[in-house]
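First the structure, in the form of structure tokens, and then the observations on it.
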Amino acid sequence: MEKKINLTYEKAYEELAAIAAEIENETISVDVLAIKVKRAASLITFCQTKLKSTEQDVNTIIAQMESSNQ
């Protein structure tokens, strides 16, 4: 179930790191493993999308700055 909070990159990354730690430390039960892996996949997609969007925004700003300096 997706959380209804306003998700930020930092919150998503923290949650993803926590899930990874649970899996690596084998502290996660088999019963919830699939749920955690699905949530992790969702968080990875969110983070990738956020990073791509930020990269596009930065590139646009740089291009605007370069064109205004010419």
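Residue under question is residue 51, and the condition is that it be in contact with an Asp or Glu (Cβ under 9 Å, 6 or more places away or on another chain), aliphatic (A, V, I, L, M), part of a helix (DSSP H, G or I) and open to solvent by less than 100 Å² (accessible area, probe 1.4 Å); does it hold? In short, no. Of all the listed residues (26, 2, 66, 22), the sole one being open to solvent by 50 Å² or more (accessible area, probe 1.4 Å), at pLDDT below 95, among the charged types (D, E, K, R) and on the phi > 0 side of the Ramachandran plot is 26. If you go through the stretch 29-39 and keep only what is exposed (fewer than 14 other Cβ atoms within 10 Å of the Cβ) and either under 25 Å from residue 54 (Cα atoms) or not acidic (Asp, Glu) (or both), you end up with 29, 30, 32, 33, 34, 35, 37, 38.
The values are calculated or read from the model by the stated rules, or taken from the named source; none is laboratory data. Treat the numbers as computed from the prediction; the structure is a model and nothing was measured. No Cβ is skipped: glycine too gets one built from the backbone with ideal geometry, and neighbour counts run over all protein chains shown. All accessible areas refer to the heavy atoms of the entire protein, side chains included, with ligands and DNA or RNA removed. Shrake-Rupley method; radii C 1.70, N 1.55, O 1.52, S 1.80 Å.
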